[in-house]
Amino acid sequence: MKDRINRRDCLRMFGYSGLATGLSGIASNQLFAQNIGESSGFQSSVIAASKIETHRTNAVLVNGQVIQPQCQLPILDKTDVLVVGGGPAGTVAAIAAKRAGANVILVERYGHFGGLWTGGLVLLILGHIVTGGKQVCQGIGEEIMHRLDTMDGAIINRKPGINPTVDAEAVKYLMVEMIEEAGIQVYLHCWGVDAIMDDQNVRGAVFESKSGRQAILADVVVDATGDGDVFAAAGAEFEHRSHNIGLVSRIGNLDRVNPQKTPEGQKPRRLGNSTPVAGVNWVNLTGPEVDGLDLATLTRMEMNHRKFIWNNMQKTRSIPGYEKVYLMETAPQLGVRITRVLNGLNTIRLEDLKAGTKFPDVVGVGGASNAEHGEWQIPYGALVPRKVDHVLATGRCVSTDIRMADLVRLIPNCFVTGHAAGVAAAVAVQDQCPPRNADVIKIQRILKQQDAYLG
Ligand SMILES: Cc1cc2nc3c(=O)[nH]c(=O)nc-3n(C[C@H](O)[C@H](O)[C@H](O)COP(=O)(O)OP(=O)(O)OC[C@H]3O[C@@H](n4cnc5c(N)ncnc54)[C@H](O)[C@@H]3O)c2cc1C
């Protein structure tokens, strides 16, 4: 069988041969570019003419029950530090661990980095400031912000005491750049589904991808999934919480609202919050309080929110003056705020924020969404599970009481716990000890060398 098609075949397939003859004077590339979109230069080859994936061990139906038989998994890779989840916390953790001297693998279920920050279109960076407008998120998180400053159209409102807003594509680009610069091994499109256990110790994780089920072995795993997928699989204790699940969207053409026609006159209503793109705002959606670990709920939220956002936009467009405003996109990633929260050796508590508690094992300092709170310290114990070892939590699933969770999960605070988890994991690897026994003084010293602020 002929396994390559040329441009003429391609035209015939798409029924464009007459058109091509008639337009023979036009350069063919131009023709394709103008008329058939991406159809120029296709190439496809047969990799194997007849293939059966024999390494699969299927689930089997036994007496009406589905049984997953035991099987040996291919080992995809081995490393010192394995970071699962490439959101704000995971990306920073991976860079920090690598800079601290560890070999690092970063695995992400989607095709880009940034987690809710990019895929969830959560563009506003809240929570890096405290009373007086002082910025407490420093280190790699601030380095990311600073690099966004230097990029065209990447960030706005970068002034002391103010919360900046980013462009998601700029962040996705920058994260690739920083991860490549650091020399981190990456696997995208790879979903962490299990922990590899040796007694109470995590020795790696199992992943599902288009290549099948594979294992990555590691000395320390950093769980940056936001939902504690790895520590839960390892049997670590956690609190299962519900929270509001929303869906962020972006709307365009706000610069084409006609104030001559709007009911509000010269001051049209505010629709969402501005972004680095002129005329484009991002719109938050709180959504109902539900369980973000429940498949049926997640499915319902995706469908209901998309219908709601579309219909809401149609209402807006029916208001005089707003006819040109349109829905650019709904976020590809649902806005799940909190699900599993680690029950750690220590916990970030509201009482400690109020009392200004200083922890001897401080590995970071958190801020708030406005300058009304003082700074609050993050103890290393909030990242460490009570029993299971060789795994650290970071980001929105670290150990925190329910009253602090809405501060702990803010993006800059996730940078901070990511930074701490990455350095701690590297120190544990270097000193060949479980992370719970890692030398906190050494972790603090390296964090400071990497420009982190510890109070
Ligand atoms: C609707 C909404 C509005 C918000 N508004 C703001 C705001 O205005 N300002 C602010 O600062 N914060 C805001 N937040 C909070 C903030 O966006 C998140 O808490 C923050 O992004 C959490 O970072 P993270 O790295 O811990 O997790 P995430 O951002 O969730 O990243 C986790 C990453 O892990 C990946 N992953 C998950 N499971 C697996 C798995 N099993 N295997 C492999 N990869 C996996 C995910 O794809 C993702 O990339 C908001 C959150 C929501 C939902």
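The values are calculated or read from the model by the stated rules, or taken from the named source; none is laboratory data. All figures in this text were calculated on a predicted structure; none of them were measured in a lab. Every residue, glycine among them, receives a Cβ derived from its backbone with ideal geometry; neighbour counts consider all protein chains shown. These area figures cover heavy atoms from the full protein model, side chains too; ligands, DNA and RNA do not enter into them. Shrake-Rupley method; radii C 1.70, N 1.55, O 1.52, S 1.80 Å.
Key figures for this structure:
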| read-out | value |
| --- | --- |
| Whichever aspartates and glutamates have a C-alpha closer than 20 Å to that of K358, once near sequence neighbours (fewer than 8 apart) are set aside | E372, E375, D401, D439, D451 |
| Exposed-loop-free span, longest in the chain, where chymotrypsin sites (Phe, Trp or Tyr not before Pro) count as exposed if DSSP calls them loop and at most 16 other C-beta atoms lie within 10 Å | 43-455 |
| Charge dipole of the stretch 196-311 about the Cα centre (unit charges at C-beta), most positive-ward option of T262, T286, V202 | T262 |
| Extended-chain gain in nm, criterion 0.36 nm per residue less alpha-carbon gap, F42 and I67 | 4.7 nm |
| Global size of the chain as Cα Rg and Dmax, reported in angstrom | 24.9, 80 |
| Solvent-accessible heavy-atom area per residue, rounded to whole Å², over the chain at 1.4 Å | 48 Å² |
| Whole-Å semi-axes of the ellipsoid equivalent to the stretch 223-273 (Cα gyration tensor, √5λ, descending) | 46, 12, 6 |
| Under the span-like rule (Cα at least 20 Å along the axis, Kyte-Doolittle mean at least -0.5), DSSP H helices of the chain | 168-182, 411-430 |
| Cα point-scatterer Debye curve for the stretch 32-142, base-10 log of I(q)/I(0) at q = 0.13, 0.24 Å⁻¹ | -0.91, -1.24 |
| 20 °C / 1.002 mPa s Stokes-Einstein diffusion coefficient of the stretch 119-158, Kirkwood radius on C-alpha pairs, µm²/s | 188 µm²/s |
| Point-to-point label distance, Y326-E264, nm (Cα→Cβ direction, 7 Å offset) | 2.2 nm |
| Spatial separation of Cα centroids for the stretch 419-455 and the stretch 147-198, in angstrom | 22 Å |
| Heavy-atom accessible surface of the stretch 299-455: percent carbon and sulfur, 1.4 Å | 52 percent |
| Other-chain or far-sequence residues with amide H under 5 Å of V222's (modelled H) | L82, V83, V84, L392 |
| Of all DSSP beta bridges in the chain, antiparallel share, percent nearest 5 | 70 percent |
| MRE, 222 nm, helices only [DSSP H, n ≥ 4, -39500 (n - 2.57), over the chain, to nearest 500] | -8500 deg cm²/dmol |
